[in-house]
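The values are calculated or read from the model by the stated rules, or taken from the named source; none is laboratory data. Keep in mind that what you see is a predicted model, and the values were worked out from it rather than measured. With ideal geometry, Cβ positions are generated from the backbone for all residues, glycine too; neighbour counts draw on all protein chains shown.
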Amino acid sequence: MREVLGGAQARARFAVWKARTASRVVVQTGLHTAMHWRGARCLVSELLRGKSGPSSIFKFHAENTPDAVALVDARSFSEAGGEDRTYSFRVLDDAIDRLGSVLHGWGIGPGRGALVMLKNRAEFLVVQPAVSRIGAAAVSASWRSTVPELVYLASHSGAGALFFDAELAGLIEEAAPQLSGIARERMIAVGGAVPGFRSLDDVVAGAEGGGAPDRSEAGSVVMYTSGTTGKPKGAVRTFPKDAAAATLAFIGETPMHVGDTHLVVCPLYHATAFAFASMNFVVGAKVVVLREFKPELFMEALQRYRVTSTAVVPTMLHRVMELGKERLRQYDTSSLRMIVAGGAPLPAQLATEVLGAFGDKLYNFYGATEVGLVTLAKPADLHAAPATIGKAVPGVEIRLIHESGRDCAIGEVGELYARSLLLIEGYHRDPEATREATLDGFFTVGDLARRDADGRYFIEGRKRDMIISGGVNVYPAEVEAALHEHPDVAEAAVVGVADREWGERVRAFVVRRPGTEVTEESLKEHCRVRVARPKVPREVVFLDELPRNPTGKVLKRELVRWEAT
């Protein structure tokens, strides 16, 4: 729907599309019946000031339904136990405002962000909006990151503050001397007291709200994705006013509704979990954060909280289905209207099994940190073509580019490029990578796809050699670099191989240096301190030499087929 580039007539059509989309979705979700005068006045004020990002959502609901439950930290469902922690919209917005004031006092703002390294906990949805409210960049980091990875992210992003999970205290203590851009008093422990560091609860309790300017229109979220060169790339997502229309367009394709309860089980530092939590906040839904994923805990949470929607990666669905139909029938999931899967390819067989077990409640989306939500397969699509990623979301344009450079015909496979209001600004401090991924305003992450005559899309593979294991992106070059640091490794090559549970698993092929006897387990341990856990090879195969073509390039196709041969 980016016809805004086409002059006054196109801009007029775009304005009409936005208005129609907004009015349709407001009625469809029931927002029009839940609107009160104070909320309406706040919403109009925010829109007139050009503010429509996540920060404004919390302000609106804090005025419209201040005592409604916004957020639940499901502590009773964690291994450590404890009572659930609940936030109303008023309390949540106040905490965001107080923390934003503190950050502003530290000099955090446009051009200076904060690193967020938290496990799944409600505070994630306090910290990230607070950073965005003052116009800064919230840089999401995996809590599985190693010390070298954390140091790189802090340095490359230019973060001026760090919020870390109290359970990661040992790693932060080790990394602290190397985090030269972040003063120790701005390294804030979340979820418990850590000797030598301030806690988030103390920081927020001692702050006053309203002391920081609202620059939410300049706020952003930076999510680092692994790069083919071995170094992560920071995808910068901003919240322009037109992005609200794109968000509503996607919501309009789903059964999201006022009064819903959404369950978060994917890691919040991933785009999937954060995006679907945010969309549910838009309609004033309650968001329940589950600390960890286990099939039984997941099913119990669906029943206990009367969950209406949840977002998962296919690996999670696989584990749920392993419980068996008899076990699944023991849980009351009658409240559930939508299970949305994404982040990795959804096997056709698994899609069929889930539809059979839960009914027509499965949705499959295709998207990426860089391009946002691109396609959506509804239950009817999955019945007709279980392997599909669905049709283009309203407002999204898709091009499939053949290897020859032309647009693909129906049925032909090409590289998928998308253009919408949810594209990232680009990669942080990496204009070359941004240029390589861009074509006439369209963006690609290297996936190959085809389209059928009914407008449904199907992922066929990846142009680049990225591995997706359990919803986590793994680039072989990064793992190979870690393996090559071992003194007994002469050569290494990493590929992804099909795995029913994980989608793909990481397999490393290694040539030992002459006279050495390095083992599989020692190489795995070597990798564990250099790359995040999902990137550690699940298998290491030792070869006398790697297969290569005449120019010396490793033939990874042969390595992928190695098991069969």
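Just to be sure, is I398 modelled with pLDDT of 95 or more and in contact with a strand residue (DSSP E or B) (Cβ under 8 Å, 6 or more places away or on another chain)?
yes
Pick from A384, A380, A392: which is within 21 Å of the chain's Cα centre (by Cα) and at pLDDT 95 or above?
Just a single option satisfies the conditions, and that option is A392.
Determine, yes or no, whether E208 is modelled with pLDDT of 95 or more and surrounded by fewer than 19 Cβ atoms within 10 Å (Cβ to Cβ). Give the derivation first.
Numbers: modelled with pLDDT of 95 or more: no; surrounded by fewer than 19 Cβ atoms within 10 Å (Cβ to Cβ): yes.
Spelling it out, it is not the case that E208 is modelled with pLDDT of 95 or more and surrounded by fewer than 19 Cβ atoms within 10 Å (Cβ to Cβ).
Please verify whether region 511-522 includes one or more residues that are assigned to a strand (DSSP E or B), surrounded by 14 or more Cβ atoms within 10 Å (Cβ to Cβ) and more than 32 Å from the chain's Cα centre (by Cα).
The answer is yes; a qualifying residue exists.
Of the conditions (1) crowded, with 20+ Cβ neighbours inside 10 Å; (2) under 19 Å from V258 (Cβ atoms); (3) in contact with a Ser or Thr (Cβ under 7 Å, 6 or more places away or on another chain); (4) of a type outside the set (K, R), D67 clears all except one; give me its number.
Checking D67 against (1) crowded, with 20+ Cβ neighbours inside 10 Å; (2) under 19 Å from V258 (Cβ atoms); (3) in contact with a Ser or Thr (Cβ under 7 Å, 6 or more places away or on another chain); (4) of a type outside the set (K, R), the one that fails is (1).
When the residues of region 413-443 are narrowed to those that are in contact with a strand residue (DSSP E or B) (Cβ under 6 Å, 6 or more places away or on another chain), in a loop (DSSP other than H, G, I, E, B) and of a type in the set (D, E, K, R), which ends up nearest to T21 (Cα to Cα)?
Among those that are in contact with a strand residue (DSSP E or B) (Cβ under 6 Å, 6 or more places away or on another chain), in a loop (DSSP other than H, G, I, E, B) and of a type in the set (D, E, K, R), it is E425.
Residues in region 166-185 that are without any contact (Cβ under 8 Å) to a residue 40 or more places away in the chain, of a type outside the set (G, A, S) and not in a helix (DSSP H, G or I): how many?
So the count comes out to 1.
In the list A74, A62, A19, which residue meets the criterion of being out of contact with any Leu (no Cβ under 8 Å at 6 or more places or on another chain) and either without any contact (Cβ under 8 Å) to a residue 60 or more places away in the chain or more than 25 Å from T238 (Cα to Cα) (or both)? Full working, then the answer.
Details: A74 fails: out of contact with any Leu (no Cβ under 8 Å at 6 or more places or on another chain); A62 fails: out of contact with any Leu (no Cβ under 8 Å at 6 or more places or on another chain).
A19 is the lone residue from the list that is out of contact with any Leu (no Cβ under 8 Å at 6 or more places or on another chain) and either without any contact (Cβ under 8 Å) to a residue 60 or more places away in the chain or more than 25 Å from T238 (Cα to Cα) (or both).
When you scan region 345-361, how many residues do you find that are out of contact with any Pro (no Cβ under 6 Å at 6 or more places or on another chain) and either small (G, A, S) or not in a helix (DSSP H, G or I) (or both)?
Matching residues across region 345-361 total 6.
Anything in region 244-300 that is within 26 Å of L48 (Cα to Cα), hydroxyl-bearing (S, T, Y) and surrounded by 23 or more Cβ atoms within 10 Å (Cβ to Cβ)? List them, or say none.
T247
I'm trying to understand the selection: among the residues of region 401-412, which are part of a loop (DSSP other than H, G, I, E, B) and surrounded by fewer than 16 Cβ atoms within 10 Å (Cβ to Cβ)?
If the condition is that a residue be part of a loop (DSSP other than H, G, I, E, B) and surrounded by fewer than 16 Cβ atoms within 10 Å (Cβ to Cβ), then H402, E403, S404, G405, R406, A409, I410, G411, E412 are the ones that fit.
Okay, residues lined up against (1) under 17 Å from the mean Cα position of the chain (by Cα); (2) of a type outside the set (A, V, I, L, M); (3) closer than 30 Å to H36 by Cβ:
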| residue | (1), (2), (3) |
| --- | --- |
| N64 | no, yes, yes |
| S76 | no, yes, no |
| F89 | no, yes, yes |
| G100 | no, yes, yes |
| G105 | no, yes, no |
| F124 | yes, yes, yes |
| V131 | no, no, yes |
| A136 | no, no, no |
| W143 | yes, yes, no |
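Is at least one residue of region 225-234 under 24 Å from G372 (Cβ atoms), small (G, A, S), touching a strand residue (DSSP E or B) at 6+ places or on another chain (Cβ under 6 Å) and in a strand (DSSP E or B)?
There is at least one residue in region 225-234 that is under 24 Å from G372 (Cβ atoms), small (G, A, S), touching a strand residue (DSSP E or B) at 6+ places or on another chain (Cβ under 6 Å) and in a strand (DSSP E or B).
Any residue that is without any contact (Cβ under 8 Å) to a residue 60 or more places away in the chain, over 22 Å from E253 (Cα atoms) and not in a helix (DSSP H, G or I) - is there at least one of those in region 379-400?
Yes, that holds for at least one residue.
Could you list all residues from region 278-301 that are in contact (Cβ under 8 Å) with a residue 40 or more places away in the chain, closer than 22 Å to A357 by Cβ and in a helix (DSSP H, G or I)?
Across region 278-301, the qualifying residues are L297, E300, A301.
Go through region 27-52 and report how many residues are outside any helix (DSSP H, G or I), surrounded by 14 or more Cβ atoms within 10 Å (Cβ to Cβ) and either modelled with pLDDT of 85 or more or among the charged types (D, E, K, R) (or both).
Residues flagged as outside any helix (DSSP H, G or I), surrounded by 14 or more Cβ atoms within 10 Å (Cβ to Cβ) and either modelled with pLDDT of 85 or more or among the charged types (D, E, K, R) (or both) within region 27-52 amount to 4.
Return a yes/no flag: does region 285-306 have any residue that is outside the structural domain of V190 (by TED's automatic domain parsing), at pLDDT 95 or above, among the β-branched types (V, I, T) and over 30 Å from G234 (Cβ atoms).
no
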